[in-house]
Amino acid sequence: MKFEMKDRIIYGADYNPDQWLDYPEIITDDFRMMKLANTNTFTLNIFGWSALEPSEGVYTFDWLDDIMDRMAEADQKVILSTPSGAKPAWLSEKYPEIRRVNERREKELHGLRHNHCFTSPVYRKKVSQLNRLLAERYQEHPALYMWHISNEFSGECHCDLCQDAFRDWLKEKYGTLDNLNKQWWTSFWSHKFSSWEQIESPSSIGESQLHALTIDWSRFVTHQTIDFYQNEVEPLKELTPEIPSTTNFMGGFPLMAPFEGLDYGKFAEVVDIVSWDAYPEWHNPNSSDFDVAYRTSFVSDLYRTLNDNNPYILMECTPSNVNWQNVAKLKKPGMNELQGVHSVAHGANGVLYFQWRKSKGSAEKFHGAVVSHDNRDDTRVFKEVSELGASLDKLKELSDTRKPAKVAVIYDWENLWAFNDSQGYGEKTKKYVETVQEHYKYFWDKGITVDVCTYNQDLSDYEIVIGPMLYLLPNEMVEKIETFVENGGIFVTTYISNIVNETDLVKGSDPIFDTLTGVRIEEIDSIYPEENVHFTYKNKEYAGKEFYESVYLTNGTSLGEFKDQMFKGSPAIIRNDYSKGRVYYMAVRADENFLNDFYDDLLVEKGIQSDIEILSEDKVVIQTRENNQFRYYFIMNFEDKKKSIELTDFEEYYSVLEGKAIQAKDIQLNAYDYIVLRKEL
Ligand code: GAL
């Protein structure tokens with residue numbers, strides 16, 4: 001059961017007073033400025049370990065007591081962090097086992113953060129002890145709102161403890177070595193294992209091409225990270241069962257993609273509420289802000305879906321620039337408020353920044369923050385932060401709304417890992433994430449809500465499910481898709497699907513999937529990025545790129561054929577009616593023109609349409625949230641120019657921020673501006 005944030009939109013920042021304990025006047029000023037910034041919630045203590053326990057067993061909680069009390073007095077809620085994201089030097093010194101060993105089997109020195117061994121019993125014990133003390137101390141504190149477990153779990157450790165734990169995990173999974181050898185196809189290159197001890201995690205100086213091993217290692221890393229998380233929350237759950245726990249998931253790059261390193265589909269199952277940190281590369285001349293916005297939306301929708309569709313939290317973003325990006329570009333005026341509201345439009349009930357105040361020294365002193373080094377409350381950034389706070393306060397009536405979706409797109413981590421690791425298909429053209437995002441974009445452009453599901457989600461409530469490039473497809477998932485189609489759903493899939501099973505063994509053929517799609521695929525051709533393949537669909541010609549397949553129809557119907565390249569004349573787009581539903585198969589990586597026409601037809605077929613129509617030419621982004629009474633429309637301008645928008649049904653809208661009914665005939669949106677409209681259902 002996920003924690004349902006119904007009553008508030010939280011707003012604030014990552015507050016690190018442990019950096020300012022020698023500057024009490026700064027801390028006093030922080031609390032003065034928090035009021036001006038219209039915040040209501042802060043994360044606290046994220047990297048506070050050495051300030052709480054300066055040497056083993058010596059605790060200095062007084063500063064945290066003081067800050068917690070001041071937070072309560074200032075009417076600010078606290079998302080209290082467990083500080084395991086960075087370990088104190090004395091701990092690394094005394095217990096070397098907590099330091100990671102990298103894939104080249106080198107033990108790391110002390111330094112940086114997010115680099116403890118997840119298996120180490122010592123680290124687990126020390127973290128658990130400190131977490132218990134935190135829970136005991138603050139369990140009744142009025143400011144305590146939520147637990148923030150560690151920070152951005154990531155990475156892997158290859159120490160002996162982790163190798164043993166990996167082997168135990170494999171024993172549990174495969175039972176016998178013989179079974180493992182078979183499932184991993186270790187007969188290739190004489191890789192058969194004759195004892196469990198011979199199995200080692202992947203390494204560039206050891207095994208790196210036994211693909212089943214690599215996928216299992218990634219699964220194990222997720223498993224071990226989750227196990228570590230559960231060890232952290234145990235004392236918190238015992239002492240504060242009513243206080244929810246989260247941990248901040250990450251985004252990935254380029255521009256914005258899901259983080260690749262952990263299977264968040266699995267991780268999301270154990271957190272009480274999903275939160276994530278978004279650092280999109282806005283204002284990048286190589287990509288429009290629209291593109292950055294839809295990729296960011298994709299990640300938000302994925303994490304929202306993983307949160308059982310309940311509101312999630314945007315736990316970190318920057319109010320201005322990101323110091324570690326290649327170009328540390330500032331957000332243009334309006335962009336900060338637009339990004340925050342855009343997250344809310346995608347289902348967030350919280351927006352927080354990294355960090356409240358810029359550090360005076362060390363790694364992130366040039367990272368954007370609410371309060372800059374000049375300590376002023378009248379800077380452009382501070383004023384924009386404060387304006388967003390005021391706006392979110394006016395939007396709090398939306399906090400009990402949701403985003404029901406009729407359409408889902410599938411994105412799955414195991415599929416990503418297996419496909420990216422496979423040797424084949426051309427290294428540079430795989431583009432799994434980009435491809436899923438391209439399919440998603442069609443619906444996003446139309447303002448149609450899309451859920452982004454992994455293989456774990458239930459599909460039964462959707463009308464259309466789109467699964468591009470399902471390279472690794474477990475049999476249970478094939479069955480799930482079959483049931484979905486049998487019950488009347490439309491399923492769309494593409495080239496490079498259903499190739500391997502969970503252990504990366506090639507399936508060859510699969511009676512259920514082949515009957516579902518109505519085709520037999522014989523060959524796949526990878527073509528150079530400079531080349532195209534052309535095909536028809538409903539008598540119109542389109543271009544395809546990078547991949548196309550030779551298709552033999554079994555019970556499917558061809559909707560268009562290839563016009564050139566090697567498989568000229570072979571079906572390119574196939575429809576197969578199956579039980580009460582229908583499956584479409586795209587045997588080619590088609591361009592946007594095709595996807596637009598194809599999905600236009602699909603929406604007509606299912607009678608799905610976006611329920612707001614923009615009559616003007618100017619392009620804006622629309623997202624909706626709703627409850628039983630109202631539907632809310634977020635209309636957002638992701639361009640650096642003014643726009644005039646004309647909507648249908650103009651009499652019926654109410655502008656939530658302005659607090660009045662408006663004539664939606666001629667809405668003016670400035671650069672990076674937005675409006676939130678409400679309509680009775
Ligand atoms: C996040 C991290 C923060 C801070 C921020 C800067 O990934 O959780 O602690 O480093 O990046 O962008």
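Do we have Gly265 as under 13 Å from the mean Cα position of the chain (by Cα) and assigned to a helix (DSSP H, G or I) here?
yes
I'd like to check something: does segment 397-411 contain any residue that is surrounded by fewer than 19 Cβ atoms within 10 Å (Cβ to Cβ), touching a helix residue (DSSP H, G or I) at 6+ places or on another chain (Cβ under 9 Å) and at positive phi?
No, every residue in segment 397-411 fails to be surrounded by fewer than 19 Cβ atoms within 10 Å (Cβ to Cβ), touching a helix residue (DSSP H, G or I) at 6+ places or on another chain (Cβ under 9 Å) and at positive phi.
Of all residues in segment 1-30, which are of a type in the set (Phe, Trp, Tyr) and either within 16 Å of the ligand (Cβ to nearest atom) or crowded, with 16+ Cβ neighbours inside 10 Å (or both)?
Hits for segment 1-30 are Phe3, Tyr11, Tyr15, Trp20.
Within segment 62-79, count every residue that is more than 16 Å from the ligand (Cβ to nearest atom) and surrounded by 16 or more Cβ atoms within 10 Å (Cβ to Cβ).
10
Quick check on Ala345: is it of a type in the set (A, V, I, L, M, F, W, C), modelled with pLDDT of 95 or more and within 11 Å of the ligand (Cβ to nearest atom)?
Criteria not met by Ala345.
Looking at Lys660, Lys679, Lys643, Lys665, can you tell me which residue is basic (Lys, Arg), surrounded by fewer than 13 Cβ atoms within 10 Å (Cβ to Cβ) and either over 19 Å from Lys332 (Cβ atoms) or at pLDDT below 95 (or both)?
Of Lys660, Lys679, Lys643, Lys665, the one residue that is basic (Lys, Arg), surrounded by fewer than 13 Cβ atoms within 10 Å (Cβ to Cβ) and either over 19 Å from Lys332 (Cβ atoms) or at pLDDT below 95 (or both) is Lys660.
Could you please give the count of residues in segment 285-335 that are aromatic (Phe, Trp, Tyr) and over 28 Å from Asn456 (Cα atoms)?
Of the residues in that region, 2 qualify.
Filter segment 292-317 down to residues that are among the β-branched types (Val, Ile, Thr) and over 11 Å from the mean Cα position of the chain (by Cα), then give me how many there are.
Total satisfying the criteria: 2.
Looking only at segment 81-130, which residues are of a type outside the set (Val, Ile, Thr), touching a residue at least 60 places away in the same chain (Cβ under 8 Å) and away from the ligand (no atom under 16 Å from the Cβ)?
Matches in segment 81-130: Glu97, Glu103, Arg104, Arg105, Phe118, Arg124, Ser128, Leu130.
Every residue, every condition in (1) in a loop (DSSP other than H, G, I, E, B); (2) within 15 Å of Ile675 (Cβ to Cβ); (3) in contact with a Phe, Trp or Tyr (Cβ under 7 Å, 6 or more places away or on another chain), yes or no:
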| residue | (1), (2), (3) |
| --- | --- |
| Ile574 | no, no, yes |
| Asp577 | no, no, no |
| Arg582 | no, no, no |
| Tyr585 | no, no, no |
| Phe594 | no, no, yes |
| Asp600 | no, no, no |
| Glu605 | no, no, no |
| Gln623 | no, yes, yes |
| Arg631 | no, yes, no |
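So for segment 540-551 (the condition being of a type in the set (S, T, N, Q), closer than 30 Å to Thr186 by Cα and surrounded by 17 or more Cβ atoms within 10 Å (Cβ to Cβ)), does at least one residue qualify?
No, that holds for no residue.
Is there a residue in segment 295-308 that is within 16 Å of the ligand (Cβ to nearest atom) and outside any helix (DSSP H, G or I)?
No, segment 295-308 contains no residue that is within 16 Å of the ligand (Cβ to nearest atom) and outside any helix (DSSP H, G or I).
I need the strands (runs of 3 or more DSSP E) fully contained in segment 403-499, keeping only those with at least 1 residues that are of a type in the set (D, E, K, R).
Counting at least 1 such residues, we get 450-453.
Can you work out which of the residues in segment 140-163 that are under 16 Å from Pro96 (Cα atoms) and assigned to a helix (DSSP H, G or I) is farthest from the ligand (Cβ to nearest atom)?
So the residue we want is Asp160.
Can you name every residue in segment 175-222 that is of a type outside the set (Lys, Arg), part of a helix (DSSP H, G or I) and either at pLDDT below 95 or surrounded by fewer than 18 Cβ atoms within 10 Å (Cβ to Cβ) (or both)?
Asp178, Asn179, Asn181, Gln183, Phe188, Trp189, Ser190, Trp196, Glu197, Gln198
Which residue pairs have Cβ atoms closer than 9 Å, lie 6 or more positions apart in sequence or on different chains, and pair a first residue in segment 250-269 that is aromatic (Phe, Trp, Tyr) with a second residue that is more than 16 Å from the ligand (Cβ to nearest atom)?
Note: pairs meeting the criteria are Tyr264/Thr222; Tyr264/Leu302; Tyr264/Leu306; Tyr264/Trp413; Tyr264/Thr454; Phe267/Thr222; Phe267/Ile226; Phe267/Leu306.
Could you check how many residues of segment 392-418 are farther than 23 Å from Thr449 by Cα and either under 22 Å from the mean Cα position of the chain (by Cα) or of a type in the set (S, T, N, Q) (or both)? It would help to see each step written out before you state the result.
As a first pass, look at segment 392-418 and keep what is farther than 23 Å from Thr449 by Cα: 393-394, 414-418.
Filter again for either under 22 Å from the mean Cα position of the chain (by Cα) or of a type in the set (S, T, N, Q) (or both), leaving 414-418.
Summing the residues that are farther than 23 Å from Thr449 by Cα and either under 22 Å from the mean Cα position of the chain (by Cα) or of a type in the set (S, T, N, Q) (or both) in segment 392-418 gives 5.
Among the residues of segment 572-626, which ones are among the polar types (S, T, N, Q), within 30 Å of the chain's Cα centre (by Cα) and over 20 Å from Val436 (Cα atoms)? Give the derivation first.
Start the filter on segment 572-626 by keeping residues that are among the polar types (S, T, N, Q), which leaves 576, 579, 593, 596, 609-610, 616, 623-624.
Now drop any that are not within 30 Å of the chain's Cα centre (by Cα), which leaves 593, 596, 609-610, 623-624.
Once the filter is applied, which keeps residues that are among the polar types (S, T, N, Q), within 30 Å of the chain's Cα centre (by Cα) and over 20 Å from Val436 (Cα atoms), segment 572-626 yields Gln609, Ser610, Thr624.
Out of the residues in segment 366-382 meeting the condition of being of a type in the set (A, V, I, L, M, F, W, C) and in a helix (DSSP H, G or I), tell me which one is surrounded by the most Cβ atoms within 10 Å (Cβ to Cβ).
Val381
Given the conditions (1) within 12 Å of the ligand (Cβ to nearest atom); (2) on the phi > 0 side of the Ramachandran plot, report the number of the one that His283 does not fulfil.
Only one criterion is unmet by His283, namely (1).
Do you know which residues across segment 309-336 are touching a residue at least 60 places away in the same chain (Cβ under 8 Å) and either more than 9 Å from the ligand (Cβ to nearest atom) or assigned to a loop (DSSP other than H, G, I, E, B) (or both)?
Asn309, Asn310, Pro311, Ile313, Pro319, Ser320, Lys332, Pro333, Gly334, Met335
If we scan segment 233-245, do we find a residue that is within 13 Å of the chain's Cα centre (by Cα), at pLDDT 95 or above, within 24 Å of Met5 (Cβ to Cβ) and in a loop (DSSP other than H, G, I, E, B)?
no
The values are calculated or read from the model by the stated rules, or taken from the named source; none is laboratory data. Since we're looking at a predicted model, the values are computed, not measured. Heads up, the Cβs are rebuilt from the backbone with ideal geometry, glycines too, and the neighbour counts pull from every protein chain shown.
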